[in-house]
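See structure below.
A short reminder: the numbers here are calculations on the coordinates, not readings from a lab. Here the structure is a predicted model, which means the values were calculated and not measured. Note: ideal-geometry Cβ built from the backbone for every residue, glycine included; neighbour counts use all protein chains shown.
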Amino acid sequence: MGKKIFSGVQPTGNLHLGNYLGAIKNFVKLNNEDQNECVFCVVDLHAITVAQNPKKLKDNIYETIATFIACGIDPKKSIIFNQSSVSAHSETAWILSCVARMGWLNRMTQFKEKAGKDKEKASIGLYSYPVLMAADILLYDTTHVPVGDDQKQHLELCRDIAQKFNNDFNADNFFKIPEPLIQKEFSRIMSLRDGTKKMSKSELSDLSRINLTDDKEQIINKIKKAKTDTLQLPSASADLEKRPEAKNLMGIYSSLMDVSLEDTINKFSGKNFSEFKENLSQVMVDKIYPISLEIKKLLREKKYLDKILLEGTQKADKIASEKVKKIQELVGF
């Protein structure tokens, strides 16, 4: 039996190698498995939990859709849409926020990290957005959600909310209880300048990340300048634990090549970083540069992207509006 999969990506612009290997590459794989039903959402409602420039936000929505398609997600096989165009997401989030409990949200570690020291100045949306995330997932009778380590806690909350709603309204199995889908053989992608920090678009130096819109020269230059240590490449994975930069680069190579870290270690054991970096640059140019060219081409075809969004919105709205009607009936509206 196939899986019903939901995943969302924030339109923050400048999607990078970490986003690709950590999420989008896996979306493509799930999209290509015939029995799966996939819904991929650009979560623009989540994006406004922090201040956004409206024009930039609109551009970023297009860029995220273009990136999905350029990476290989087929809009004929999967639903691709932006969250704000389907009103059921906001409606359901309100109803579920009356089911969720303050104590549950107070335990969310991501709010503490994102709000920083001055929590009083954070928006209510930043605090409550895990409830909106639960609405996103539950509206589509989702059975599986691809999650990274930082989202596991939110999926647990989603499961708690679904269970409580089902119990409160005597509606056994009305909301499906979604399972996490965790990638096997995946290394978390870290900064090219510091192997102990996650690759991020917010890091000041552009040399810290490979953007999915980088050209050939930029890719080669960034790999050449990526931080390494002075030792030769190791012969066992245990030797990488105290060598974060080596572990990161070898993990990136393994993920791009779809091989295990052990295979990469065996191939390059005892070699110098210069030789390894040449190989890594070549693989990255082969895999990432075509995506970059395709994103740029699609961004010149806004009418085509609008068509994809419209078709995706119509499909998503049909499913979500039917579900929200049933939710309203159960609640007593």
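The modelled label-to-label distance between Leu126 and Asn279, using points 7 Å beyond Cα along the C-beta direction, is 4.4 nm. With neighbours defined as other Cβ atoms within 10 Å of a residue's Cβ, the residues Tyr20, Tyr127 order from fewest to most as Tyr127, Tyr20. Of the cross-linked pairs Lys114/Lys201; Lys3/Lys315; Lys77/Lys297; Lys112/Lys242, which ones have a Cα-Cα span greater than 25 Å in the structure shown? From Lys114/Lys201; Lys3/Lys315; Lys77/Lys297; Lys112/Lys242, over 25 Å: Lys112/Lys242.
Distance from the alpha carbon centroid of region 157-191 to that of region 221-279 works out to 35 angstrom. Rounded, prolate or oblate: which fits region 174-277, taking a ≥ b ≥ c as square roots of the Cα gyration tensor eigenvalues, rounded meaning a/c under 1.5, else prolate when a/b beats b/c? Oblate, because a/c is 1.5 or more while a/b does not exceed b/c. Whole-Hz Karplus values for region 167-182 come out as 5, 4, 10, 6, 10, 4, 6, 5, 8, 5, 8, x, 9, x, 10, 10 Hz, taken residue by residue from phi with 6.51 cos²θ - 1.76 cosθ + 1.60 and θ = phi - 60°; glycine and proline positions read x. With θ taken as phi - 60° and the Karplus curve 6.51 cos²θ - 1.76 cosθ + 1.60 applied, the whole-hertz 3J(HN,Hα) list for region 221-228 is 5, 5, 5, 4, 8, 4, 5, 9 Hz, x standing for glycine and proline.
Given the options Met102, Met257, Met190, which has the most mean-square fluctuation in a GNM of the chain, springs set between C-alpha atoms less than 10 angstrom apart? Greatest mean-square fluctuation among the candidates belongs to Met102.
The trypsin sites (Lys or Arg not before Pro) found in region 233-331 that occupy coil by DSSP, while having at most 15 further C-beta atoms within 10 Å, are Lys242, Lys271, Arg300. In terms of its C-alpha gyration tensor, the chain has a prolate overall shape, because the principal axis ratio a/c (a ≥ b ≥ c, square roots of the eigenvalues) is not below 1.5 and a/b outweighs b/c. In the chain, taking the dipole from charged Cβ atoms about the Cα centre, the farthest positive-side position among Pro234, Leu310, Ser274 is held by Ser274. Once Lys and Arg get +1 and Asp and Glu get -1 on their Cβ, which of Leu17, Val39, Gly2 lies farthest toward the positive end of the dipole of region 1-44? It is Leu17. Helical content alone sets the calculated 222 nm signal of the chain at -16500 deg cm²/dmol, taking -39,500 (n - 2.57) per DSSP H segment of four or more residues and averaging over every residue.
In this Cβ point-charge picture (+1 for Lys and Arg, -1 for Asp and Glu), the chain has a dipole of about 640 debye about its Cα centre. Given their separation in residues at 0.36 nm each and the Cα-Cα distance between them, Ser87 and Gln232 gain 46.6 nm when the chain is fully extended. Counting only DSSP beta bridges with both residues in the chain, the antiparallel share comes to about 10 percent.
Looking at region 249-333, the GluC sites (Glu not before Pro) that sit in a DSSP loop and have at most 14 other Cβ atoms within 10 Å of their own Cβ are Glu301.
With a 10 Å Cβ neighbour count serving as the proxy for reagent exposure, in which order, fewest first, do Arg209, Arg243, Arg159 appear?
Details: Arg209 26, Arg243 17, Arg159 20.
Final ranking by Cβ density, sparse to dense: Arg243, Arg159, Arg209.
For the chain, modelled as a GNM whose springs connect Cα atoms under 10 angstrom apart, the maximal fluctuation among Pro234, Pro75, Pro178 occurs at Pro234. Aspartates and glutamates near Lys267 by alpha-carbon distance under 20 Å, same-chain residues fewer than 8 away left out - which ones? Filter leaves Glu185, Asp229, Asp239, Glu241, Glu245, Asp258, Glu275, Glu278, Asp286.
How high is the FRET efficiency from Asn53 to Lys267, r the C-beta distance, R0 56 Å, rounded to 0.05? FRET efficiency, Asn53 to Lys267: 0.80. In the structure shown, the pairs Lys222/Lys307; Lys184/Lys318; Lys119/Lys164; Lys76/Lys325; Lys184/Lys224; Lys76/Lys176 are assessed against 30 Å; a Cα-Cα span above that value is assigned to Lys222/Lys307; Lys184/Lys318.
Gain on full extension, evaluated as 0.36 nm per residue between Asp141 and Lys224 minus their Cα-Cα distance, stands at 25.3 nm. Sequence-ordered 3J(HN,Hα) estimates for region 324-333 from the Karplus curve with 6.51, -1.76 and 1.60 and θ = phi - 60° stand at 5, 4, 5, 4, 4, 4, 4, 6, x, 7 Hz, glycine and proline given as x. May I ask you to list the GluC sites (Glu not before Pro) in region 1-92 that are in a DSSP loop and have at most 15 other Cβ atoms within 10 Å of their Cβ? Those that pass, being in a loop and sparsely packed, are Glu33. Taking amide H atoms as placed 1.01 Å from N in the peptide plane, the amide H of His16 lies under 5 Å from those of Leu212, each 5 or more residues away in sequence or on another chain.
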